[in-house]
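A short write-up of the structure that comes next.
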Amino acid sequence: MRLYDEIFKNADGVFVPKCCFVPEGGGYFEGVKTLGELSSDRIVLYFPRTQIIVEGRGLSVKKYCDGDLEIAGKIVCVRAETDEKGRA
């Protein structure tokens, strides 16, 4: 797991959000602080410095516990957005 620790830290040594998804399938996201928009074709996830927009078809939250979130449905696009100061 040391490799993951190195991959998922930014230059300041702060851990960044993690996500794993299958195109045309579901996804798993770690470090979610809160949920924004929630519809069957768009879900917005908020992290400390980033927001992730997930778009697809038949999307739903399958599990959400302690910052870990699983999305069911068909993901067709995942996009990260931050402001100029690195905040969502």
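Annotation: for a label point projected 7 angstrom from Cα along Cα→Cβ of residue 61, residues of segment 16-38 with backbone N closer than 15 Å are 27-38. Legend: P(r) of segment 23-75 from all alpha carbon pair distances, 10 Å bins from 0, whole percents, reading 28, 61, 11.
Which of the peptides 47-60, 65-78 is most tightly packed, and how do the rest follow, going by the mean number of other Cβ atoms within 10 Å of each residue? Mind dumping the intermediate values first?
Numbers: 47-60: 17.6, 65-78: 15.2.
Going by the mean number of other Cβ atoms within 10 Å, highest first, we get 47-60, 65-78.
Just so you know, all these numbers are worked out from the coordinates, no wet-lab data involved. Quick caveat: nothing in here was measured; it's all calculated off a predicted structure. Neighbour counts run over all protein chains shown; Cβ positions are idealised from the backbone, glycine included.
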